[in-house]
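Inspection log for the structure reproduced underneath, given as structure tokens.
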Amino acid sequence: MQSDHWFHEPNPLIANLPVFASMADLAARLAFHPTAGLNLATLTDFERIELLTGDKMPLEPTEQSIRVAAKCLGMLRGSLKVRNPIRAESRRRYWDFIKTDQITKAPLMPSPVSGVSALIIKGPTGTGKTVTIQRLCNLLPQVIHHGPCPEAQWLQMSQLVYLYTNLPSDGTRGGFLLQILLDLDRALGTDYAGTLFRKFKTVERLAIATVVRLVAHYTGIIFIDEGQLRNLMKSDQAELMQLFLLTLINTGIPVVLMGNELAFDWINYSQDLSRLNTVPAEYHHPIGAIDSEYADDDWSAFRRGVFGFYVLTEPVREPERCSDVLRECCGGVQRSGLVLWSESQLEAIFAGASSIGPEDILKVYAGGSFEKLRPLADGFAKRDPKRLLLFPDVNAAFYARAWGKALDDESESSGGNAGGAKPESKARTEQSKFKAEKTREAKKQEKREALDKTLSPEDIRKRGTQDLHVAGLEKLQEELERGSGDGSE
């Protein structure tokens, strides 16, 4: 090891992060089995039902989930090494950026580091994107509270290792900024959401102030989930949201965008494509939907995870046949497989049975509760892209090409997602929906403005609450006002 190389310099930002010895070590720590350690024989039927109907995330990592987790860890640690506060140049960039919201007419955002790091994780719903990232987050401390560090020139610092946030369903930048600030406050115990909305009157200025806080806390990586057609493509603010996401990526904080496979079709300019492919994108397909040497291994991993989520007292009947039936019935969509597996056990409990077999899975698959998911599962299991047309957020045209099968002309011309309706009538429906949403928002804004005029200056709804900063930023403010701006603490 070259201890004198910048890559191996002492760095307080990574000193308290977990280290993984190997990919096998990472996979073992990513795995999660909700019933591990439980004595199933002592559980009551009600406790079994609690497990089967509650929030459950069994995970036995697949080859892809291990690869995704390793990439995200690399982005996190690599970025923090570049931003090492012990180096004078890194400190200068940091403090220059912190001063951004002191400038009256600043450009949208300077970059505290050179280069960007961005990853897109996309694919149909239920293919393990969110579960993988949430399990990775569970292996990391979200906040590290640092004491005095003379080398970094701070008295104390609350470091935000990661931020996990969601894009708002309405696709507005204001809604997204509020969500980011609320997530910051929950992690750090600050009140940025209350104070920044009162202080900054435009979305552009609020955006700068929000990103300044993210940089100030040395945010290691940002996970942005719920990228959907509605909020990234069809919202009336879609283009503004897209530009903001690109700007956020330019801050030097690694960004991971997760969501629907069709939600990122707006990325077509070469300059944007180059930014968003600094880390090769990950496309999560249902297991076996695309020919891969890892398909059978991935199914074996999923099977271990889902079979481990078993709460009945007697062993599974015909486990190999159960595995084959489950794979066929869910089409390799992991969430659908978990639904079939869990509901089969629930039905067994209600019937007074103590185990399940292949016929129980088939019964749930053919039942009414799975009716709306059945075409999705069959589309992937039978490689029939026409069945996928029922789902506007599934890229049926992509899978048709991958499977060497044709869709009708109308489906091909509309991107392969006619959803059983004529393109024009579907477009009119979407336009009407968004127009109605816009009208409702306008009326809400009118009511808020009318209320604001009736409030006294002392009313908390008008004044907001006291702003809280990173420890040391108040001292920085004093230094800035004196014109020193050296950032020392």
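The values are calculated or read from the model by the stated rules, or taken from the named source; none is laboratory data. These numbers come from a predicted model, not from an experiment. Ideal geometry is used to build each Cβ from the backbone, glycine not excepted, and the neighbour counts take in all protein chains shown. The area values use the complete protein model at the heavy-atom level, side chains included, leaving out ligands, DNA and RNA. Shrake-Rupley method; radii C 1.70, N 1.55, O 1.52, S 1.80 Å.
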Next item on the list: Treating each Cα of segment 106-223 as an identical point scatterer and ignoring solvent, apply the Debye formula and state log10 I(q)/I(0) at q = 0.14, 0.15, 0.17 Å⁻¹.
Entry: -0.72, -0.82, -1.04
Margin query: Averaging over every viewing direction, what projected area does the convex hull of the Cα atoms of segment 28-107 cover, in nm²?
Written below: 10.8 nm²
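Given a 1.4 angstrom probe, what's the average accessible area per residue across segment 290-372, in square angstrom? Numbers along the way, then the final one.
Details: 3990 Å² over 83 residues.
So segment 290-372 comes to 48 Å² accessible per residue, rounded to a whole number.
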Margin query: Per residue, how large is the accessible surface of segment 125-260? Use a 1.4 angstrom probe and give square angstrom.
Written below: 33 Å²
Notebook entry, point to check: Between residue 143 and residues 5 or more places away or on another chain, which pairs have amide H atoms under 5 Å apart, with H built 1.01 Å from N, and which residues are they?
Noted result: 161
Notebook entry, point to check: Which pairs in the list 56/81; 71/372; 81/201; 71/201; 129/386; 122/363 are over 27 Å apart, alpha-carbon to alpha-carbon?
Noted result: 56/81; 71/372; 81/201; 71/201; 122/363
Notebook entry, point to check: Once label points are set 7 Å from the Cα along Cα→Cβ at both residue 307 and residue 371, what is their separation, rounded to one decimal in nm?
Noted result: 3.3 nm
Checklist line | Highest to lowest packing among 291-302, 39-50, 321-332, scored as the average C-beta count within 10 Å | finding: 321-332, 291-302, 39-50
Next item on the list: Distance between Cα centroids, segment 334-381 to segment 274-327: provide it in whole Å.
Entry: 16 Å
Notebook entry, point to check: What order, most packed first, do the peptides 129-137, 360-368 have when packing is the mean number of other Cβ atoms within 10 Å of each residue?
Noted result: 129-137, 360-368
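Pull out the extension gain between residue 393 and residue 182, defined as 0.36 nm times the separation in residues minus the alpha carbon to alpha carbon distance; nm, one decimal. Before the final figure, lay out the partial values.
Working: separation 211, 0.36 × 211 = 75.96 nm, distance 2.85 nm.
Extending this stretch completely gives an extra 73.1 nm.
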